[in-house]
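Enquirer: Here's a structure for you.
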Amino acid sequence: MEEVESIPHLRETLLFLALAGILVPFLQRLRVGAIPGYLAVGMLLGPFGLGRLATPATGFGRLMSWLAFPQLEAVSVLAGVGVVFLMFMIGLDLSVRRLWSMRSWVFGAGAAQVVVTAAILFAAAAALGADRGTSLVVGLALSFSSTAVVMQLLAARHELSTPLGQASFAVLLFQDLAVVPVLILVSLLAQPGESHVFAVLSLALGRAAIAIALIFVLGRVVLGPLFRQFTANRQADTFMALTLLASLSIASLTWLAGLSMALGAMLAGLLLAETEYRHQVVVMIDPFRGLLMGVFFLSVGMSIDPLAIVHEPLRLLMAVAGLFAVKTLVTAVVLRAGGLSNRGAIHGGLLLGQGGEFAFVVFGVATTLGLLDAEAGRFLLLVVGVSMFVAPVAAALGRNIEARGPAMQPGADAERTPVTPQGGGHVVIAGFGRVGQSLARLFDSQAIPYVAVDPDPNVVSSFHAKGWPVYVGDASRGDLLRLLGLAQASAVVLTMDQPTSAVRAVHAIRADSPDVAIFARARDERHAAALQTAGADEVIPETLESALQLGALALGRTGMSEPELRAVLAAERLERIASYRNQSSNGSPT
């Protein structure tokens, strides 16, 4: 029992898993979204909710100490990990080319949104009597939106690749990059004797840029060979361990360099996105990302004091409404200037109108350093928390507004670099041995877009390094197939050597996309029958086709006409495969 009790935060972990697995799905059945569900549960069970009643003095208090969260620290630790994995997944969705193509949006629209919003909020805080330092901290902190909330809302509605999704991501990316200078500025403002604020800030930013460049260069040199060397045995646990090691190590390096771990995690994802392991990493990490993000939203809910809402409802309502009004207006103007329609820009403004998780850090540091008094800090945290709570409602309002009119594409610099070929109509090749490689060359010669996967990193690495769209992955994984754009593909060609793997892949493809055409290579007639039974449209058995082609050459010499020859070969092919399909009723051939 002592060993069990020594596990850190065991009770909080068990309670969260129960909430994530039972209570939140129940709320979703009542049409309460995941984000509002976690926020509401956090408010109810947090230290400002039922956690107030947790005390060893009474039986009810002891019960609440198990069923509620009297302390926020344990959940905050897990929430920080959730944000790190969110940024890691964002990095996986990027590429160096895509990031470079978005530079005008990131440093143009993103910078304009932050600067203009911060200036307006600075003026508002100063007008309410705050000194300049405090007003600057408030303006900068509230100018940031919640990356976690916005990306979750976009992902839930499959809008990440839309013009609005790309533009919103560009703004959020600049905000994440601005984390470091803002934190440095807060520290400098707390030192009134410092006379060279700009020089110190410039020096810190220069060091940060050098650290990022070194990590990026070394990561590109090390990560690819590391994965190829230690994942050749295809062990899932080894792959998971290396993925976690890469993401958390790079996040730790950026933290040691004075940057945020979230930025380091995004950099780790960006580095892995350039390798052939991109899809496999996404498939493996995604379920954990969702769970940990739930912890983050739970912790945000716990920071909201329902009694404070009751005590100051009008003041709080005006503050939250004012925050949304300012940020929606500024962001909408910025997005409209970038090329979105009026309605699309308003949608983006409402989507990005809430406060962000970074404000919790800034206000906490500012309160500790004396830039904010404790009462003002608590109220501002309440404003941010409530704004995140109502963010899904604001986003839904924005979607309804945009639905009344078409949105324009962002500027050319926001060019999308998708995981799969643009426009759909591509071919998915499952298995990249000799047959898969021959198909890829054929498709290239005819300018047919394709994307290929193979479970063997030794097969994939050399071709991926040459720029071929080939990735490490298991074609029987439905989540991986969706990443490959299966719903938009014109066909899937299975060339795998392992019969069992090929049959599993056909089942997975049919379950995900019943109408996509599946063409498969089979070792023999028995394998062909199993593939056709699983749902393949056309199957080419290697041994049978070799025999039929040789037979066709011989029959042609006997004087048989071309139509007769085709009819004989088709009949023989159908008969040979049908005989094995009939046998499958007594067992599943492989």
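The values are calculated or read from the model by the stated rules, or taken from the named source; none is laboratory data. If you're wondering where the values come from, they're calculated on a predicted model, not measured in any experiment. Every residue, glycine among them, receives a Cβ derived from its backbone with ideal geometry; neighbour counts consider all protein chains shown. Areas reflect the complete protein model, heavy atoms only, side chains present, ligands, DNA and RNA absent. Shrake-Rupley method; radii C 1.70, N 1.55, O 1.52, S 1.80 Å.
Enquirer: Within segment 98-129, which residues are open to solvent by 60 Å² or more (accessible area, probe 1.4 Å) and either charged (D, E, K, R) or under 24 Å from Phe379 (Cα atoms) (or both)?
Expert: Selection gives Arg103, Val115, Val116, Ile120, Phe122, Ala127, Leu128, Gly129.
Enquirer: Could you tell me whether any residue of segment 273-292 is assigned to a loop (DSSP other than H, G, I, E, B), over 22 Å from Gly219 (Cα atoms) and open to solvent by less than 30 Å² (accessible area, probe 1.4 Å)?
Expert: No - not one qualifying residue is present in segment 273-292.
Enquirer: Look at Val503 and say whether it is touching a helix residue (DSSP H, G or I) at 6+ places or on another chain (Cβ under 9 Å), open to solvent by 20 Å² or more (accessible area, probe 1.4 Å) and touching a residue at least 60 places away in the same chain (Cβ under 8 Å).
Expert: Considered against the rule, which asks whether it is touching a helix residue (DSSP H, G or I) at 6+ places or on another chain (Cβ under 9 Å), open to solvent by 20 Å² or more (accessible area, probe 1.4 Å) and touching a residue at least 60 places away in the same chain (Cβ under 8 Å), Val503 comes out as yes.
Enquirer: Another one. Residues of segment 516-545 being among the β-branched types (Val, Ile, Thr) and free of Cβ contacts under 8 Å to residues at least 40 places away in the same chain, which ones?
Expert: Answer for segment 516-545, where residues must be among the β-branched types (Val, Ile, Thr) and free of Cβ contacts under 8 Å to residues at least 40 places away in the same chain: Val516, Ile518, Val539, Ile540, Thr543.
Enquirer: Which condition does Ala520 not pass, out of (1) under 13 Å from Gly431 (Cβ atoms); (2) open to solvent by 60 Å² or more (accessible area, probe 1.4 Å), if it passes all the others?
Expert: (2)
Enquirer: Considering only segment 354-368, how many residues are in contact with a helix residue (DSSP H, G or I) (Cβ under 7 Å, 6 or more places away or on another chain) and open to solvent by 10 Å² or more (accessible area, probe 1.4 Å)?
Expert: 5
Enquirer: Report whether or not Phe16 is aromatic (Phe, Trp, Tyr), at pLDDT 75 or above and open to solvent by 50 Å² or more (accessible area, probe 1.4 Å).
Expert: No; evaluated as a whole, the condition is false for this residue.
Enquirer: Run Thr147 past the list (1) at pLDDT 85 or above; (2) in contact with a Leu (Cβ under 7 Å, 6 or more places away or on another chain) and report the number of the one that doesn't hold.
Expert: Checking Thr147 against (1) at pLDDT 85 or above; (2) in contact with a Leu (Cβ under 7 Å, 6 or more places away or on another chain), the one that fails is (1).
Enquirer: Out of all the residues in segment 533-546, which are open to solvent by less than 50 Å² (accessible area, probe 1.4 Å) and either of a type in the set (S, T, N, Q) or touching a strand residue (DSSP E or B) at 6+ places or on another chain (Cβ under 7 Å) (or both)?
Expert: Listed by number, the residues that qualify are Gly535, Ala536, Val539, Pro541.
Enquirer: Continuing with this model, one more query. Is there any pair with a first residue in segment 126-138 that is within 18 Å of Leu183 (Cβ to Cβ) and modelled with pLDDT of 85 or more and a second that is among the hydroxyl-bearing types (Ser, Thr, Tyr) and open to solvent by 40 Å² or more (accessible area, probe 1.4 Å) whose Cβ atoms are under 8 Å apart and which are 6 or more apart or on different chains, and what are they?
Expert: If the second residue must be among the hydroxyl-bearing types (Ser, Thr, Tyr) and open to solvent by 40 Å² or more (accessible area, probe 1.4 Å), no pairs are left.
Enquirer: Please state which one of Ala262, Ala268 is in a helix (DSSP H, G or I), crowded, with 16+ Cβ neighbours inside 10 Å and at pLDDT below 75.
Expert: Result: Ala262 is the single residue among Ala262, Ala268 that is in a helix (DSSP H, G or I), crowded, with 16+ Cβ neighbours inside 10 Å and at pLDDT below 75.
Enquirer: Scan segment 387-433 residue by residue and report those that are of a type in the set (D, E, K, R) and either under 26 Å from Val459 (Cβ atoms) or at pLDDT 85 or above (or both).
Expert: Residue satisfying the conditions is Arg399 alone.
Enquirer: Which ones in segment 223-252 are at pLDDT below 80, hydrophobic (A, V, I, L, M, F, W, C) and open to solvent by 60 Å² or more (accessible area, probe 1.4 Å)?
Expert: Passing the criteria: Phe230, Ala236.
Enquirer: Now, a different point. What's the number of the only condition in (1) aliphatic (A, V, I, L, M); (2) at pLDDT 75 or above; (3) within 21 Å of Val77 (Cα to Cα); (4) open to solvent by 40 Å² or more (accessible area, probe 1.4 Å) that Leu39 fails to meet?
Expert: Evaluating Leu39 over (1) aliphatic (A, V, I, L, M); (2) at pLDDT 75 or above; (3) within 21 Å of Val77 (Cα to Cα); (4) open to solvent by 40 Å² or more (accessible area, probe 1.4 Å) leaves (4) as the failure.
Here is a yes/no grid of residues against (1) modelled with pLDDT of 80 or more; (2) within 30 Å of Glu12 (Cα to Cα); (3) touching a Pro at 6+ places or on another chain (Cβ under 8 Å):
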residue	(1), (2), (3)
Phe296	no, yes, no
Ser299	no, yes, no
Ala321	yes, no, no
Val330	yes, no, no
Arg336	yes, no, no
His347	yes, no, no
Val361	no, yes, no
Gly385	yes, yes, no
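Enquirer: Across segment 465-484, what is the number of residues that are open to solvent by less than 30 Å² (accessible area, probe 1.4 Å) and either touching a strand residue (DSSP E or B) at 6+ places or on another chain (Cβ under 6 Å) or of a type in the set (A, V, I, L, M) (or both)?
Expert: 8
Enquirer: So the check is Cβ under 7 Å with 6+ separation or different chains; which pairs have a first residue in segment 38-65 that's assigned to a helix (DSSP H, G or I) and a second one that's of a type in the set (Ser, Thr, Tyr)?
Expert: Filtered contacts from segment 38-65: Gly42/Ser299; Gly61/Thr55.
Enquirer: When residues of segment 506-565 are filtered for being assigned to a helix (DSSP H, G or I) and of a type in the set (Asp, Glu), how many remain?
Expert: Final tally of qualifying residues: 6.
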